Amino acid sequence: MEAVHNRQAPHVSFRNVQKTYDGETLIVRDLNLDIRRGEFLTLLGPSGSGKTTCLMMLAGFETPTGGEIRLDGEVINRVPPYRRNIGMVFQNYALFPHMTVADNLRFPLRVRKLAPSEVEARVKRALDMVQLEAFGSRYPQQLSGGQQQRIALARALVFDPQLVLMDEPLGALDKNLRERMQLEIKHIQQKLGITVVFVTHDQSEALTMSDRIAVFNQGVIQQIDAPEALYEYPTNSFVADFIGENNALDGTVVAVAGEECEVRLDCGTVLRARTGNVGAGGRARIAVRPERVQLAGEAEGTNRLDATVRELIYLGDQIRLRVELAGKHEFTIKAPVSQLDRSLRPGDAIRLGLDPAHTRALDVPAAH
Amino acid sequence: MSTAVDTSAALPLPAAGDGTPLKKRLRRAERRRNLLFGALILPLALVVLVAFIWPIGSLLTIGVDNPEIHDNLPRTLAVLEDWNGSAPPAETAYRALADELTAAKGSPAIAAIAKRLNRENAGYRSLVMKTARKLPLDAAVPAREALVAIDAQWGELATWQAIHRAGGALTPFYLLASIDRMIDADGNIVVAPEEERIYVDVLLRTFWMSLIVTVCCLVLGFPVAYLMASLSTRHSNMLMIFVLLPFWTSVLVRVAAWIVLLQNEGLVNRLLMWLGLTDSPLQLLFNRFGVYVAMDHILLPFMVLPLYSVMKGISPVYMRAALSLGCPPFRSFWKIYFPQTLPGIGAGGLLVFIMCMGYYITPALLGGPKEQMLSYFIAFYTNQTINWGMAAALSAVLLAATLLLYMVYARYLGPTRVKYMKAR
């Protein structure tokens, strides 16, 4: 592990990895994933999507049914977890209850037979890093949730692993604390330059912290991209729906011209949109973010739709409009308070414009 | 969950509408709750008092009770109160004794007096009985002369000292006897003669055998409890049934079954001989081996259940955390898992050990004379010799040993002691 690593070579790579528990259903189908050195990668997905299983295979607690996992270029499928030198932060912290905070931190160092002076120096440094210098002699139960979380982080980092895995570490914290810890973890990761693989089902957490996000569903990575790209350019309906809010309108693709295509909605209107994972003649779902919908007034142009206002919700910094359009009741528009005509009332007819650059034609997911 | 916001800043305590201070109202509310709790445990507390504490207390007093002389010769003892003890007492003492013996004559009291005095010096029984037969005395003759005429021992100092010694309302005799001690003629506590020493050995043997059984139970029970705690619910329920199976049959049946299995012509010996491991049957019964086997079998559930309940509460994530920190599996188990099971080991160990200390039927049926534990002798004195004093004193020793053990447990392993649990 002391070799000088090529900055370009992936730190971790999954190749055709499969996992099944019962021999019938694949929890992880065919995973190919390269994790770059020093990046903060989040595995995001609903529960049961296979993201945690992936993490556990990387940690060594689960064995892949097929394929291989490489760490620094070496296959680690058969390396037991205690030889992988990967730090891990668990969902409920897993601090050893019969040891003080300091003993918890000493544990991985003593296992590695470090000199006592070195052990103490590192424990102190780790406690400093999470700003809990005074808490070394306490027992974990005597700490608050946020403090336990920090100690769990310090323990996963105290032996200087290059790769740290985090399994929904912030799930048990309240909202304010969670947001503070998100930034704290992110800053520590950037300062130390370590690779972090973070599992969560909370999309805003993923967007806040990650360099890249891999969106999982049904054992398959749906899309892996930077937060902005994932939000602005989802490649399929699952990602569009899972990340942020999304308006969906179903129709049929009538023409594809390179990046753009034309979709005839079921109500007859033809819209221009960016081509996603659809082909000419197939069914398509138009996806557009609520804040990208323009209130077009009377002006003519492309992608104009008539709608009726059903509800106005004042949110302080913005106003949400629920409108009825093309027979659909669930269409939402977000607009800054300053840009909205405040005389609008439920029942008013308005005209909407969809910018083709921010409108995407994606697959129609199979009905559940 | 305390965030950075400090809510403990001193706020002025509001008083209620009627001006009652907050503290007082809190006390009132808590008193009501405490009364409710008290009412809930009252029935059990009464049962414990009537069926447990009171009988045990009265049994223990039997161990120091000394009524024979004290109740039957009160006047004699009153006269002896002022006696200097260096020479046989004055005529009044002889007269009182003669009167009281005369009164006791023909009733069970005389036998009790004789028996009690005989314990001070073998031979006093016949002295008392012989004297009683010749009573009442001729009132014209001085009592002293008459009694000495019946038996010269009445003229001896030692006889009167014995009466005086035996006259207390309480006696340490049984308690001392149950730890192989006695009081000599000069009133010092000395070790009993060698041929009479037995109970210290029995007590040590009781401790030792209990310890062996407890350790065996732990060694056998720990893996079972661990397996049960790590298996799926369905499988662990199956195992649980097997663990609890012994509870469904009476102890007597199980002991009888062991006799069938372990006897010379039994299954185990025949199997060993068939396998060629031994030529002649091994002696597996009526020795320590048989007692250990049967007691372990009977007491195993009492070890497994507390262990299981503790292990069930230990999240498997701790082991994973230890592994992820680079600790090999066995060491992880020893350093992380095992210490967290200590409360279970303590509770199970204490339970098994204390039950062993009082075990009677298994050693009595499966052991030889060298396997009998303290409770055998308690039963012996209650059932065979009807010596309640000795039985009570031995019980007191057993109870004291058990309480001592419990205090040691509470000090070092008890739930309040395991440090990290304090915070919970």
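Could you tell me the convex hull volume per residue, in Å³, taken over the Cα atoms of the range B:199-421?
Spread over its residues, the Cα hull of the range B:199-421 gives 159 Å³ apiece.
Using a 1.4 Å probe on the protein heavy atoms, what percent of the accessible area of the range A:12-232 belongs to carbon and sulfur?
45
Ballpark to the nearest 100 Å², how much total accessible area do A and B bury together, probe 1.4 Å?
2500
With unit charges on the beta carbons (Lys and Arg positive, Asp and Glu negative) and the dipole taken about the Cα centre of the range B:68-169, which residue among B:Asn118, B:His70, B:Ala90 sits farthest to the positive side?
Farthest towards the positive end: B:Asn118.
Provide the per residue accessible area, probe 1.4 Å, for the protein assembly as shown, rounded to a whole number of square angstrom.
Heavy-atom SASA per residue in the protein assembly as shown reads 51 Å².
Could you tell me how many degrees, from 0 to 90 and to the nearest 10, lie between the Cα long axis of helix B:124-134 and the main elongation axis, the longest principal axis, of the Cα atoms of chain B?
Approximately 40 degrees, to the nearest 10.
Tell me the accessible surface of A:His187 in square angstrom (1.4 angstrom probe, heavy atoms of protein chains only), to the nearest ten.
110
With the cut-off at 1.5 for a/c, could you classify chain A from its C-alpha gyration tensor as rounded, prolate or oblate?
In terms of gyration-tensor shape, prolate.
If you build the Cα gyration tensor of chain B and take the root of 5 times each eigenvalue, what three semi-axes come out, in whole angstrom, biggest first?
One finds semi-axes of 58, 37, 18 Å for chain B.
Identify, among A:Leu163, B:Gln372, B:Trp248, the residue whose Cα sits farthest towards the positive end of the charge dipole of the protein assembly as shown, taking +1 on the Cβ of Lys and Arg and -1 on the Cβ of Asp and Glu, with the dipole about the Cα centre.
Ranked along the dipole, the leading option is A:Leu163.
Kindly provide log₁₀ I(q)/I(0) values, in the same order as q = 0.15, 0.20, 0.23 Å⁻¹, from the Debye equation applied to equal alpha-carbon scatterers of the range A:247-362.
Here log10 of I(q) over I(0) equals -0.63, -1.03, -1.27.
Using θ = phi - 60° and the Karplus relation 6.51 cos²θ - 1.76 cosθ + 1.60, list the HN-Hα couplings for the range A:215-223 in order, rounded to whole Hz, with x at every Gly or Pro.
My calculation for the range A:215-223 gives 8, 9, 8, 6, x, 10, 6, 7, 6 Hz in order.
With +1 on the Cβ of every Lys and Arg and -1 on the Cβ of every Asp and Glu, and nothing else charged, how large is the dipole of the protein assembly as shown about its Cα centre, in debye rounded to the nearest 20?
480
Give me a comma-separated list of calculated 3J(HN,Hα) values for the range B:46-56, in order, Karplus coefficients 6.51, -1.76, 1.60 applied at θ = phi - 60°, integers in Hz, x for any Gly or Pro.
5, 4, 4, 5, 6, 9, 10, 5, 5, x, 5
For A:Ile27, what residues show an amide H to amide H distance below 5 Å, using hydrogens built from the backbone and excluding near sequence neighbours?
A:Lys19, A:Thr20, A:Tyr21
Return the average number of partner chain Cβ atoms within 10 angstrom of each residue Cβ along peptide A:75-88.
3
Quickly rank B:341-348, A:249-256, A:131-138 as a protection proxy: mean count of other C-beta atoms within 10 Å, highest first.
By packing density, highest mean first, the sequence is B:341-348, A:249-256, A:131-138.
Please list B:365-371, B:307-313, A:38-44, A:159-165 highest first by mean number of surrounding beta-carbon atoms within 10 Å per residue.
A:38-44, A:159-165, B:307-313, B:365-371
Rounded to the nearest 10 degrees, what's the angle between the helix A:145-157 long axis and the longest principal axis of chain A, both from Cα atoms, 0 to 90?
70
May I ask you to list the aspartates and glutamates whose Cα is less than 12 Å away from that of A:Lys19, ignoring any residue fewer than eight positions away on the same chain?
The reachable aspartates and glutamates, counting only those whose Cα sits under 12 Å from A:Lys19, are A:Asp30, A:Glu62, A:Glu68.
Quick one: Cα centre-to-centre distance for the range B:295-364 and the range B:120-136, in angstrom?
First find each Cα centre; the distance between them is then 62 Å.
If you count, for every residue in A:90-100, the Cβ atoms of partner chains within 10 Å of its Cβ, what is the mean?
Across the residues of A:90-100, the mean count of other-chain Cβ atoms within 10 Å is 6.
Heavy atoms only, probe 1.4 Å: what % of the accessible area of the range B:299-424 goes to carbon and sulfur, would you let me know?
Using a 1.4 Å probe with all protein chains present, the range B:299-424 comes out at 69 percent carbon and sulfur.
Which residue, chosen from B:Ile314, B:Gly346, B:Ile150, occupies the Cα position most advanced towards the positive end of the dipole of chain B, where the dipole is computed from +1 (Lys, Arg) and -1 (Asp, Glu) charges on Cβ about the Cα centre?
Working it through, the farthest residue towards the positive pole turns out to be B:Ile314.
What's the ranking of A:172-178, A:238-244, A:111-117, A:29-35 by average number of surrounding C-beta atoms within 10 Å, highest first?
Top to bottom by mean Cβ count within 10 Å: A:238-244, A:29-35, A:172-178, A:111-117.
Could you work out [θ]222 nm for the protein assembly as shown from helices alone, using -39500 (n - 2.57) per DSSP H run of at least four and dividing by all its residues? Round to the nearest 500 deg cm²/dmol.
-14000 deg cm²/dmol
Cα centroids of the range A:161-176 and the range A:262-280: how far apart, whole angstrom?
Cα centres, the range A:161-176 to the range A:262-280: 41 Å.
Mean-square fluctuation check for chain A, GNM, Cα pairs under 10 Å: which of A:Gln91, A:Gln149, A:Gln318 is largest?
A:Gln318
From the phi of every residue in the range B:199-211, what ³J(HN,Hα) in whole Hz does the Karplus formula 6.51 cos²θ - 1.76 cosθ + 1.60 yield, where θ is phi - 60° and glycine or proline is x?
3J(HN,Hα) across the range B:199-211, in whole Hz: 6, 4, 4, 5, 5, 4, 5, 4, 4, 5, 5, 5, 4.
Identify which of B:Asn121, B:Asn34, B:Asn66 has the largest mean-square fluctuation in a Gaussian network model of chain B, with springs joining Cα atoms closer than 10 Å.
The residue with the greatest mean-square fluctuation here is B:Asn34.
Name the long-range amide H neighbours of A:Ile213: under 5 Å, sequence gap of 5 or more, or other chain; modelled H, no Pro or chain starts.
HN-HN under 5 Å from A:Ile213: A:Thr42, A:Asp225, A:Ala226.
For the protein assembly as shown, give the share of DSSP beta bridges that are antiparallel, in percent and rounded to the nearest 5; count only bridges with both residues there.
So the antiparallel bridges amount to about 75 percent of the total.
Taking every residue in A:60-66, how many Cβ atoms of other protein chains lie within 10 Å of its Cβ, on average?
The per-residue average across the peptide is 1.
Set the bar at 24 Å for Cα to Cα. Now go through A:Lys113/B:Lys335; A:Lys124/B:Lys335; A:Lys124/A:Lys191; A:Lys51/B:Lys312; A:Lys186/A:Lys334 and name every pair that lies beyond it.
Those over the limit are A:Lys51/B:Lys312; A:Lys186/A:Lys334.
Please express the Cα-Cα pair-distance distribution P(r) of the protein assembly as shown as a list of whole percents, one per 10 Å bin, running from 0 to the bin with the greatest distance.
All Cα pairs considered, the percentages come to 2, 9, 13, 13, 13, 13, 11, 8, 6, 5, 3, 2, 2, 1, 0, 0.
Just how large is the dipole of chain B about the Cα centre, in debye to the nearest 20, putting +1 at every Lys and Arg Cβ and -1 at every Asp and Glu Cβ?
Result for chain B is approximately 2580 debye, rounded to the nearest 20.
Taking H placed 1.01 Å from N in the peptide plane, check which residues at least 5 places from B:Gln372 or on another chain put their amide H under 5 Å from its amide H.
none
The values are calculated or read from the model by the stated rules, or taken from the named source; none is laboratory data. Owing to the predicted nature of the structure, the values given are computational and were not obtained by experimental measurement. Counting neighbours? That spans all protein chains shown, and the Cβs are built from the backbone with ideal geometry, glycine included. The accessibility values were calculated without ligands, DNA or RNA, using every heavy atom of the protein model including side chains. Shrake-Rupley method; radii C 1.70, N 1.55, O 1.52, S 1.80 Å.
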